[in-house]
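Here the structure is laid out as structure tokens; the discussion comes afterwards.
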Amino acid sequence: MRFLGNAEQSLLVKAAIHSAVGVSGMELSVYVDGKFYPQSEAKVSVFDHGLLYGDGVFEGIRAYNGRVFKLDRHMDRLYHSAKAIDLKIPHTKDEMANIILETCRRNEIHEGYIRPVITRGKGDLGLDPRKCKSGPSVVVIAQPGISLYGKVYERGLKVVTSSYRRVPPQSLSPSIKSLNYLNNIMARVEANQYGADEALMLDIHGYVSEATAENFFIVRNSTIVTPWTSTNLPGVTRETVLEIVPQLGLKAEERLFTLYDVWSSDEAFISGTAAEIGPVVELDGRTIGDGKPGPTTKRIMKAFRDLVMTTGTPIETAHAISQKI
Ligand code: PMP
């Protein structure tokens, strides 16, 4: 047997690292059904109904400054979404939260984006969930860093109204964060085709619903207005904005409003975990306010930033469940 020299060993190590490296330069450790896998090996079955039918639920969560922001609220929404589609997540909320924190630790997340996904699991080619006998699959991806719009926020977002209406609650509640995002994707494709930064979706009655992956707000005479959540997703960032606003001496209102109200508003902005707070300066070719990110929006952006940087569940504190993973 021949022993490898230092140079050969280092070459072999480099080759091993290279084969394990993803596009971002570092391979993530992804949780799938009780184990962690390098991202290139993290897989679910092609018979999983999450893939075949979009049958499943997910969350988009963010970590700032070594803490996960509003983890409990994201867990609540995940479990509400799962209950709404009659999917039993095979963990308690606490266990799920701990799996998420452990995934963050394994990927050394200080600032990042976390994506838990629960699929219906492996079934046959029919859509009946009863065929998914192995039970739901649980996946958690945590990736460092994220900047959705980057410098675009300095000038503000140009938005177009989509011709696709947000799916009404009579068909499928838009409050469920399901794996079925085609309605939103169609609007996003339309925005891309028009060269816009985002699309605004209306409900079937023509009232403002939300953007493709963000809630939507207008500012009128120091009142911040957003639609009720019956026709959109109850966003964690939306909820946070509604909490922040009174602390800034401003009023918040949830009510129906139309495109006219947006076109004639003083300011408009979107809110979402990935997008954070994003100023909207144009809708359908009409300038909003003076066409620059507005002063009230900027105050909310700052207050939001201060909050996310100082609150949340610490990632580094080990929890009992992590030993079991
Ligand atoms: N609406 C839709 C359709 C979304 O996908 C998202 C992103 N989760 C939001 C609104 C914003 O929700 P949150 O603030 O919880 O990210």
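The values are calculated or read from the model by the stated rules, or taken from the named source; none is laboratory data. This is a predicted model, so every value here is computed, not measured. All Cβ positions, glycine included, derive from the backbone under ideal geometry; neighbour counts span all protein chains shown.
Per-residue answers, yes or no, for (1) within 25 Å of Ile85 (Cα to Cα); (2) surrounded by fewer than 19 Cβ atoms within 10 Å (Cβ to Cβ); (3) within 14 Å of the ligand (Cβ to nearest atom):
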{"site": "Thr119", "(1), (2), (3)": "yes, no, no"}
{"site": "Cys132", "(1), (2), (3)": "yes, no, no"}
{"site": "Gly135", "(1), (2), (3)": "yes, yes, no"}
{"site": "Ser175", "(1), (2), (3)": "yes, yes, yes"}
{"site": "Leu182", "(1), (2), (3)": "yes, yes, yes"}
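Please indicate, with yes or no, whether at least one residue in segment 184-195 is within 12 Å of the ligand (Cβ to nearest atom), over 21 Å from Pro116 (Cβ atoms) and in the same structural domain as Asp290 (by TED's automatic domain parsing).
Taking every residue of segment 184-195 in turn, at least one turns out to be within 12 Å of the ligand (Cβ to nearest atom), over 21 Å from Pro116 (Cβ atoms) and in the same structural domain as Asp290 (by TED's automatic domain parsing).
Cβ-Cβ below 7 Å, separation at least six or inter-chain, first residue in segment 200-222 and within 11 Å of Arg166 (Cβ to Cβ) and within 12 Å of the ligand (Cβ to nearest atom), second among the aromatic types (Phe, Trp, Tyr) and part of a strand (DSSP E or B): which pairs?
Every condition considered, the pairs that remain are Leu200/Phe216; Glu210/Phe216.
Please count how many residues of segment 226-248 are free of Cβ contacts under 8 Å to residues at least 24 places away in the same chain and more than 16 Å from the ligand (Cβ to nearest atom).
Counting residues in segment 226-248 that are free of Cβ contacts under 8 Å to residues at least 24 places away in the same chain and more than 16 Å from the ligand (Cβ to nearest atom) gives 1.
Answer yes or no as to whether Val160 is more than 30 Å from Gly206 (Cα to Cα), in contact with a helix residue (DSSP H, G or I) (Cβ under 7 Å, 6 or more places away or on another chain) and in a strand (DSSP E or B).
On the way: more than 30 Å from Gly206 (Cα to Cα): no; in contact with a helix residue (DSSP H, G or I) (Cβ under 7 Å, 6 or more places away or on another chain): yes; in a strand (DSSP E or B): yes.
It is false that Val160 is more than 30 Å from Gly206 (Cα to Cα), in contact with a helix residue (DSSP H, G or I) (Cβ under 7 Å, 6 or more places away or on another chain) and in a strand (DSSP E or B).
Inside segment 268-325, can you point out the residues that are touching a Leu at 6+ places or on another chain (Cβ under 9 Å), modelled with pLDDT of 95 or more and either in the same structural domain as Thr92 (by TED's automatic domain parsing) or closer than 30 Å to Tyr37 by Cα (or both)?
Gly272, Ala274, Ala275, Glu276, Gly312, Thr313, Pro314, Ile315
Does Tyr260 qualify as being more than 14 Å from the ligand (Cβ to nearest atom), aromatic (Phe, Trp, Tyr) and in contact with a Ser or Thr (Cβ under 8 Å, 6 or more places away or on another chain)?
The answer is no for Tyr260.
Tally the residues that are among the polar types (S, T, N, Q) and out of contact with any Asp or Glu (no Cβ under 9 Å at 6 or more places or on another chain), restricting the search to segment 135-163. Talk me through it step by step, then tell me what you get.
Residues of segment 135-163 among the polar types (S, T, N, Q): 137, 143, 147, 161-163.
From what is left, the residues that are out of contact with any Asp or Glu (no Cβ under 9 Å at 6 or more places or on another chain) are 143, 147.
Final tally of qualifying residues: 2.
Pairs please, first residue from segment 173-189 and over 15 Å from Ser163 (Cβ atoms) and assigned to a loop (DSSP other than H, G, I, E, B), second anywhere and within 11 Å of the ligand (Cβ to nearest atom) and charged (D, E, K, R), Cβ atoms under 7 Å, 6+ apart in sequence or on different chains.
Close Cβ pairs satisfying both conditions: Pro174/Arg166; Lys177/Glu59; Lys177/Arg77.
Restricting to segment 43-57, what's the tally of residues that are within 22 Å of Ala274 (Cβ to Cβ) and surrounded by 18 or more Cβ atoms within 10 Å (Cβ to Cβ)?
Matching residues across segment 43-57 total 3.
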